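The values are calculated or read from the model by the stated rules, or taken from the named source; none is laboratory data. Predicted model only: the values in this text are computed from it and were never measured. Note: ideal-geometry Cβ built from the backbone for every residue, glycine included; neighbour counts use all protein chains shown. Protein only, heavy atoms only, side chains kept; ligands, DNA and RNA dropped before computing areas. Shrake-Rupley method; radii C 1.70, N 1.55, O 1.52, S 1.80 Å.
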Amino acid sequence: MTLRGRLLLAQAPLALALVLLGVMAVVTLGRVGRSGQQILEDNYRSVLATQRMTEQLERMDSAALFIVAGDRERGVAQQAEQRPRLESELRVQEGNITEPGEAEATRRMRTAWERYRTEFDTFLEAPDAARTHDLYFKSLAPAFQDAKRTAAAILDLNQDAMVRKSELLSRQSQRVNTLMVLAVVAALGVGLFFSTSLVHRAVRPVMVLSQAVRRLGQGDYAARAVVDGRDEMAQLGRDINTLAERLDQYRQSSLGELLQAQAVSQAAIDSLPDPVVVLGAEGDVLNVNRAGEDVLRLRLEGGGDVLGRVVPEVREVLERVRAHVVGGHGAYQPRGYEEAVRVEAADGARWLLPRGSPVYGETGDVVGATLLLQDVTRLRRFDELKNDLVATVAHEFRTPLTSLRMAIHLVAEGVVGPVTEKQADLMFAAREDCERLQGIVDDLLDLSRIQGGQLLLDVKLVRTEELVESALDTQRGAASERGVHLLRDVSLDAETVSVDPDRMQLVLGNLVGNAVKHTQSGGEVLVRVTPEEQNLRFEVRDTGEGIPAEQQAKIFEKFYRAPGAPAGGAGLGLSIAKEIVQAHGGTIGVVSEPGQGSTFWFTIPKQA
């Protein structure tokens, strides 16, 4: 017999017990139902007919009282309406005699009704009001009371019968319940006994197979599953034995070196001090090194949403880098230390800088991403020390630089004595260099205040068109000298924005000024403002030489100057612009192709 047949046979006792219980329940419930229906069929119609007769008798009595009170027309109409109804209900009762003594009571009801009807006809024929009054109290009222008592007797007879039958049905239901409970217990006990015995015999081979598989999982490839017979379990036992032999051969073959190589690679990433996480294309965690488990608290053993147990900041960074790599954008390189995420570790806070590399499948498609979170805690601290040093030096330069500018200005203006033409040229060149140096010092101090969180924004609701026009006005002279056309395109849906106008004009002026410097004569610089969900998007587009891809990730860094850039700058303008935009809660970036111009853009929330 097959395993399926054995299992079906094991369920047969329970199925048989269920069928027997079902048949017993149907028969018993049908009997109880018929008993309840018999009560309604036998007595309910009589009860209903008697109640209606009583009601109609009372309405006829009310009609008689109307006549006695002088409203004869209303009383005659009401009693005429009730007579056929009462007669109809009496015939119903006469046709539904079900209880002992009910026939005699019904005949008395017929006699009482005919007497009441005769007395009512005599009452209606009375010649005057006095005679009507006497007839009502002497003959009509006693006839009414007799008919009403007779109807009440029929009603009591049927109601008592309903109570007796209900009590009988209740006792019968209790007996049925007791019988059903005993039957259920007996059937369940017998069915479980036989089913358990048969199931135990059917699954005994499964226990043998389970023990063999467990030993194979523990590395004991000499284990074998001994199951006699020709059913599915015996075949499965033979298949497991074949698998054990193949595994034993595999372990002894050269393919086992692959496992060793995998173990070596895992040991290699485990030896890295920085967290390494391998994510699938859908965001599932495929692997993580020991540092990732300790620092990020990632555990693969628990299953489920592994990333869901990571702090939100780290999870957001991992998802962003994974989306970049899996989206086909190549390896992810951070733009600066500002992308580092803070993680609380046992030895204090750490700053981790994300990097990502694609994982390719057999067909060359990107099937995942390897993320390295470089520990830049010390480097970030060095960067902060460098910024502090630069800010200190710039602050110390301010006072002597101011004195030097004043001295050069006084000498160049001839205040301390006449100067030759050649000396004047040198003094004017020195003064221009001092002015340029003063601008660099001011930029350094501004950048230091911004990075130190000391920048206080004076946010106001300003008109976008005025903001753009003011930024263009500051660059019209330089644009005119280079023969560059300045254009603007402000959307009607971007009428106002909440910003610090002075700081935002500095950002726009810097971007427009850079665009003018890198655009040839006859070119154009366009400032465009468009709405974008909850933000406004500002774009400064030029028709210049463009920016190579390898430089685009660095141009927002401090002191970075692209090769071939015009002399005179210190590489701080775009860095300051970035800090100001981020202080407003926005983002900034660039889109450029060499030879096709550049588009610097930034977004600002519409409402601060």
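Points worth noting:
- Comparison of 85, 4 shows that the only residue that is at pLDDT 85 or above and not hydrophobic (A, V, I, L, M, F, W, C) is 85.
- Assessment of region 169-187 against the conditions (open to solvent by less than 80 Å² (accessible area, probe 1.4 Å), touching a Pro at 6+ places or on another chain (Cβ under 9 Å) and not hydrophobic (A, V, I, L, M, F, W, C)) yields no matching residue.
- Within region 544-558, the set of residues being over 40 Å from the mean Cα position of the chain (by Cα) and at pLDDT below 75 comprises just one member, 558.
- Checklist (1) over 39 Å from the mean Cα position of the chain (by Cα); (2) closer than 22 Å to residue 462 by Cα; (3) not small (Gly, Ala, Ser) applied to residue 500, failing item: (1)
- Flag if residue 235 is in a helix (DSSP H, G or I), open to solvent by 60 Å² or more (accessible area, probe 1.4 Å) and modelled with pLDDT of 70 or more: yes
- Flag if residue 364 is in a helix (DSSP H, G or I), closer than 30 Å to residue 277 by Cβ and modelled with pLDDT of 75 or more: no
- Residue in region 138-155 that is assigned to a helix (DSSP H, G or I), touching a Leu at 6+ places or on another chain (Cβ under 7 Å), touching a residue at least 60 places away in the same chain (Cβ under 8 Å) and aromatic (Phe, Trp, Tyr) present: yes
- In the set (1) modelled with pLDDT under 85; (2) under 30 Å from residue 331 (Cα atoms); (3) open to solvent by 70 Å² or more (accessible area, probe 1.4 Å); (4) under 38 Å from the mean Cα position of the chain (by Cα), the condition left unmet by residue 591 is number (1).
- Candidates are the residues of region 64-95 that are in contact with a helix residue (DSSP H, G or I) (Cβ under 6 Å, 6 or more places away or on another chain), under 20 Å from residue 52 (Cβ atoms) and without any contact (Cβ under 8 Å) to a residue 24 or more places away in the chain; the one that is surrounded by the fewest Cβ atoms within 10 Å (Cβ to Cβ) is 94.
- Which listed residue is among the β-branched types (Val, Ile, Thr), open to solvent by 80 Å² or more (accessible area, probe 1.4 Å) and modelled with pLDDT under 90, from 196, 111: 196
- Residue match in region 371-378 (condition: assigned to a helix (DSSP H, G or I), modelled with pLDDT of 65 or more and within 30 Å of residue 279 (Cβ to Cβ)): yes
- Test: residue in region 46-56 that is acidic (Asp, Glu), at pLDDT below 70 and in a helix (DSSP H, G or I): no
- Among the residues of region 145-159, not a single one is at pLDDT below 75, buried (at least 16 other Cβ atoms within 10 Å of the Cβ) and out of contact with any Pro (no Cβ under 6 Å at 6 or more places or on another chain).
- Residue count for region 300-327 satisfying the condition of being open to solvent by 60 Å² or more (accessible area, probe 1.4 Å) and either at pLDDT 70 or above or in contact with a Ser or Thr (Cβ under 7 Å, 6 or more places away or on another chain) (or both): 7.
- Looking across region 396-414, the residues that are open to solvent by 90 Å² or more (accessible area, probe 1.4 Å) and modelled with pLDDT of 70 or more come down to 406, 413.
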